[in-house]
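Trainee: Right, I'll just put the structure down here and ask away after.
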Amino acid sequence: MASIGLKKGKYNQIDSKTKKYKALTDSKVPTLPKMIESKFSPEYNSAELYADDAVAESDYSFKKGTLSVVVADDKDTICAELLGNQVSEKNEVTSTVDDTAPEMGFGHIVPKIVDGAKKWKVEFFPRVKFTKITTDRKTRGESVEFATTNMEATVFALQEEMNKLPAGCWEKHQTFDTEAEATKYLDTLLTPATN
């Protein structure tokens, strides 16, 4: 199976009081600007206890991970929401040393070819915190070069049950036969649970 694209990066903030994702505006899950690239690098514990000259106990459990996402545009209001910046009524963004990025869920869809058939895989991280957003700027030369925006987030495991996901969950994925099924699944994961 080979991935042949990347689509529909979606997110929703975690409401720490209700232990669910936040209520949606107009029943729409927030979407990142068009995605170009996504990379995930997990970090695992590496501890071993030796006894009687052999490994008696070991721990290789998930510790955290780094999610790097490249998008086509650094849309001000979305970047401000991800980093916890203040946005005025006129959409002026102000960043301060007191800004705190909210924790949120994040997922995207990966189109794939499996045994000659097209499939759509949802990759979902229930608890991430965006730490930085960078965009390189360059003067225009003889030819046009497009600049992209890089977003970096830390992926954590859930500390307790949240939005019907168990404590310890840090990633969830499923593959579907249609893009519509994959989109519905991702939207459901990022929608506040009903009970």
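Yes/no per residue for (1) more than 15 Å from Glu103 (Cα to Cα); (2) surrounded by fewer than 16 Cβ atoms within 10 Å (Cβ to Cβ); (3) in contact with a strand residue (DSSP E or B) (Cβ under 7 Å, 6 or more places away or on another chain):
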position	(1), (2), (3)
Lys10	no, no, yes
Ile14	no, no, yes
Thr18	no, yes, no
Thr25	yes, yes, no
Lys28	yes, yes, no
Leu32	yes, no, yes
Met35	yes, no, yes
Asn45	yes, yes, yes
Glu48	yes, yes, yes
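Trainee: OK, next. Please enumerate the residues belonging to the stretch 175-185 that are within 21 Å of Pro42 (Cβ to Cβ) and touching a helix residue (DSSP H, G or I) at 6+ places or on another chain (Cβ under 7 Å).
Mentor: Passing the criteria: none in range.
Trainee: Step by step: first the residues of the stretch 179-190, then only those that are part of a helix (DSSP H, G or I) and touching a residue at least 40 places away in the same chain (Cβ under 8 Å), then the one that is nearest to Pro111 (Cα to Cα). Which residue is that?
Mentor: Residue satisfying both the conditions and the ranking: Glu179.
Trainee: Trp170 is checked against (1) free of Cβ contacts under 8 Å to residues at least 60 places away in the same chain; (2) open to solvent by 50 Å² or more (accessible area, probe 1.4 Å); (3) within 16 Å of Ile14 (Cα to Cα) and fails just one. What number does that condition carry?
Mentor: Just one mismatch for Trp170, condition (1).
Trainee: Of the residues Ala157, Ala180, which is more than 22 Å from Ile78 (Cα to Cα) and open to solvent by less than 50 Å² (accessible area, probe 1.4 Å)?
Mentor: Ala157 is the lone residue from the list that is more than 22 Å from Ile78 (Cα to Cα) and open to solvent by less than 50 Å² (accessible area, probe 1.4 Å).
Trainee: Return the only residue of Tyr44, Tyr50, Tyr60 being at pLDDT 90 or above, over 20 Å from Thr134 (Cα atoms) and of a type in the set (Ser, Thr, Tyr).
Mentor: Tyr44
Trainee: Quick one: count up the residues across the stretch 142-174 that are more than 27 Å from Lys19 (Cβ to Cβ) and touching a helix residue (DSSP H, G or I) at 6+ places or on another chain (Cβ under 8 Å).
Mentor: Going through the stretch 142-174 one residue at a time, the tally reaches 1.
Trainee: Would the stretch 140-149 turn up any residue that is buried (at least 20 other Cβ atoms within 10 Å of the Cβ), within 17 Å of Lys172 (Cβ to Cβ) and in contact (Cβ under 8 Å) with a residue 12 or more places away in the chain?
Mentor: No, because not a single residue in the stretch 140-149 is buried (at least 20 other Cβ atoms within 10 Å of the Cβ), within 17 Å of Lys172 (Cβ to Cβ) and in contact (Cβ under 8 Å) with a residue 12 or more places away in the chain.
Trainee: Sticking with this structure for a sec: Please verify whether Ala193 is assigned to a loop (DSSP other than H, G, I, E, B), under 17 Å from Lys22 (Cβ atoms), open to solvent by less than 40 Å² (accessible area, probe 1.4 Å) and among the small types (Gly, Ala, Ser), treating the condition exactly as stated.
Mentor: Judged against the criteria, Ala193 is a match.
Trainee: Looking at the stretch 81-103, which of its residues are more than 23 Å from Tyr21 (Cα to Cα) and open to solvent by 60 Å² or more (accessible area, probe 1.4 Å)?
Mentor: Matches in the stretch 81-103: Glu89, Lys90, Asn91, Glu92, Thr94, Ser95, Thr96, Val97, Asp98.
The values are calculated or read from the model by the stated rules, or taken from the named source; none is laboratory data. Please read all numbers here as calculations on a predicted model, not as lab measurements. Note: ideal-geometry Cβ built from the backbone for every residue, glycine included; neighbour counts use all protein chains shown. Side chains are part of the model used for accessible areas, which takes the heavy atoms of the whole protein and leaves out ligands, DNA and RNA. Shrake-Rupley method; radii C 1.70, N 1.55, O 1.52, S 1.80 Å.
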